[in-house]
Amino acid sequence: MNHLYKKLLLAFIAAILSFSLVGCSGGGVNGEGGGSYDSGAPLPNGNAFNLKGWSEIKAGHYSSAIASFNKVLADSPSPQEEADAHNGLGWAKARQNSLMAAGRDHFVRAKDLSYDAKVGMVGVYLNQASKEDMRQIVQILAMEIGKNNPHFNYSPNPILSITCADLHAVLAYAYAVLDETEAANEHIEYAKTLEPGYENKPVNEIIKMVTFVNR
């Protein structure tokens, strides 16, 4: 694996495996949302355990988070609660092992009802890095999350520190590997507008990699 690719992978993995409050409300696209993580309303039991799981992830208590999400699955959850629990399990196991593949099975089970699980799969495909994996990244980001809007916005679970700029930069990288230079450049330029001072942020490592591939 060449040095620049390692920097790309580390930049993205650092983003998706780091957890901090980033000022966004629940996961979703273009303001649509994909579930609320702090609505202030009374919560059914499954949702309460999902919330507890994310609180444990934020605190770095991954085994406790896994236990909380498993309690949801053991208590006849609704389809959305089940998907949210599997999404949480995916991220908890990925963070616990510092390896996105550790969460893959859970992301697969949650992705139809969770944008955050789709992003987890992007991390899995990026780690594998074949051309077919890049096609899968385009499918997820451009079509499933972006809905064919090249300027889509993504608001993650507020405990994930990934940004919309990160996703546009990764999508640009996937396009660059697939020799779709125009699409790659469009997403890089949009990523720059989303991330003021991007030169000093992790997303810049992805931008450098796209520039290298586009040569």
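The values are calculated or read from the model by the stated rules, or taken from the named source; none is laboratory data. Because the structure is predicted, anything quoted here is derived from the model rather than measured. Neighbour counts run over all protein chains shown; Cβ positions are idealised from the backbone, glycine included.
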Against the conditions (1) over 21 Å from Gly146 (Cα atoms); (2) surrounded by 23 or more Cβ atoms within 10 Å (Cβ to Cβ); (3) among the polar types (S, T, N, Q), where does Ser114 fall short? Just the number, please.
(1)
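Could you go through segment 84-99 and let me know if any residue there is within 16 Å of Lys52 (Cα to Cα) and surrounded by fewer than 22 Cβ atoms within 10 Å (Cβ to Cβ).
Checked against the condition, which is being within 16 Å of Lys52 (Cα to Cα) and surrounded by fewer than 22 Cβ atoms within 10 Å (Cβ to Cβ), segment 84-99 yields no hits at all.
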What number of residues within segment 178-215 satisfy the criterion of being farther than 18 Å from Ile137 by Cα and among the aromatic types (Phe, Trp, Tyr)?
2
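Quick one: which helices (runs of 4 or more DSSP H) sit completely within segment 59-123 and have at least 2 residues that are more than 27 Å from Ala165 (Cα to Cα) and either modelled with pLDDT of 95 or more or out of contact with any Phe, Trp or Tyr (no Cβ under 8 Å at 6 or more places or on another chain) (or both)? It would help to see each step written out before you state the result.
On the way: elements: 62-73, 79-97, 104-110.
Where helices (runs of 4 or more DSSP H) fall fully within segment 59-123 and carry at least 2 residues being more than 27 Å from Ala165 (Cα to Cα) and either modelled with pLDDT of 95 or more or out of contact with any Phe, Trp or Tyr (no Cβ under 8 Å at 6 or more places or on another chain) (or both), they are 62-73, 79-97.
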Read through the list (1) touching a residue at least 12 places away in the same chain (Cβ under 8 Å); (2) more than 30 Å from Glu56 (Cα to Cα); (3) assigned to a loop (DSSP other than H, G, I, E, B); (4) not hydrophobic (A, V, I, L, M, F, W, C), then give the number of the only condition that Arg215 fails.
(1)
Please list, ordered by first then second residue, the pairs with beta carbon atoms under 6 Å, 6 or more apart or interchain, first in segment 168-196 and in a helix (DSSP H, G or I), second of a type in the set (Ser, Thr, Tyr).
His168/Tyr190; Ala183/Tyr175; Ala184/Tyr175; Lys192/Tyr198
Looking at this structure, is Lys58 out of contact with any helix residue (DSSP H, G or I) (no Cβ under 6 Å at 6 or more places or on another chain) and among the basic types (Lys, Arg)?
yes
Can you pull out the residues in segment 143-167 that are under 22 Å from Tyr198 (Cα atoms) and in a helix (DSSP H, G or I)?
Cys164, Ala165, Asp166, Leu167
Quick one: would you say Ser155 is of a type in the set (Gly, Ala, Ser), out of contact with any Leu (no Cβ under 6 Å at 6 or more places or on another chain) and surrounded by fewer than 17 Cβ atoms within 10 Å (Cβ to Cβ)?
no
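Taking the options Leu141, Leu167, name whichever one is assigned by TED's automatic domain parsing to the domain that holds Val124, modelled with pLDDT of 95 or more and either within 29 Å of Gly53 (Cα to Cα) or buried (at least 22 other Cβ atoms within 10 Å of the Cβ) (or both).
Values: Leu167 fails: modelled with pLDDT of 95 or more.
Leu141 is the lone residue from the list that is assigned by TED's automatic domain parsing to the domain that holds Val124, modelled with pLDDT of 95 or more and either within 29 Å of Gly53 (Cα to Cα) or buried (at least 22 other Cβ atoms within 10 Å of the Cβ) (or both).
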